Amino acid sequence: MAAENHDHHAPAMDYAEHEKTFALFGELMKWGTAISVILVLLVGSIWGPVPWAFTLLVSALTVGVIAKFF
């Protein structure tokens, strides 16, 4: 029988880098969602009955709320 090697050592984790990467992922998801909502509103205001002023107001509120609370 072949010799079994049960000596499995996990490499040391770089937790600081992991947390920075996770924080970046969270920021990109947050702002990506906000930008997607704003783009949908802008497209809707071009081809639909949604006025431009309402779209710009909702866009500004969305960015303000995300910047303040998240």
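The table for this structure:
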| read-out | value |
| --- | --- |
| Any hit, the stretch 39-60, residues being within 15 Å of the chain's Cα centre (by Cα) and either loosely packed, with under 12 Cβ neighbours inside 10 Å or modelled with pLDDT under 90 (or both) | no |
| Residue that is modelled with the lowest pLDDT [pool: residues in the stretch 11-21 that are surrounded by 10 or more Cβ atoms within 10 Å (Cβ to Cβ) and not basic (Lys, Arg)] | Asp14 |
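The values are calculated or read from the model by the stated rules, or taken from the named source; none is laboratory data. Just so it is clear, the structure is predicted and the values come from calculations on it, not from any experiment. Virtual Cβ from ideal backbone geometry, glycine too; neighbours counted across all protein chains shown.
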